[in-house]
1. Among [x] 0.96; [y] 0.94; [z] 1.10, which one is Rg/Rh (Cα atoms, Kirkwood Rh) computed from these coordinates?
2. Once the Cα atoms of helix 94-105 and of the chain are each reduced to a long axis, what angle between those two axes, in degrees from 0 to 90 to the nearest 10, is obtained?
3. Quick check: net charge around PRO41, other residues with Cβ under 15 Å of its Cβ, Lys/Arg +1 and Asp/Glu -1?
4. Could you grab the relative contact order for the chain? Cα pairs under 8 Å, six or more apart, rounded to a whole percent.
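Read-outs: derived from the displayed coordinates by stated rules, not from any lab. These numbers were taken from a predicted model, which means no experiment stands behind them. Reconstructed Cβ throughout: ideal geometry from the backbone, glycine too, with neighbour counts over all protein chains shown.
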Amino acid sequence: MNPGTALSSTQYYGITDILLTAENFYSTFKTSDLSLGSATPASKQAVVLTGGPATPPASLISTLITQDHVKAFYVTTDSQANGANPYDNLPTDLETFVAAIQAAQT
């Protein structure tokens, strides 16, 4: 499910495998914006950030994946500013990004 923002109701967590609860600009995202708890489990949440850095944000990956246990995380250097499509190009360093995610999961 893709609301792209935290939901006001927790009922969707019981019927979906994963919810996109944060779809933001990298520069404005804060992990404290996520609602993580027993009714809103991190294991059912995904975070997508646009306008990210050229190198994978290791600290943020560690926080979201290792500490918070968010189910899915994606950051791209592509932008959504001024109506641009942030999903028309892969991150500039996708291989390193994937390796960083895998390392955080182990």
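1. Here Rg/Rh (Cα atoms, Kirkwood Rh) agrees with entry [x].
2. On a 0 to 90 degree scale, this one is about 40.
3. The answer is 0.
4. Once divided by the residue count of the chain, the mean separation gives 23 percent.
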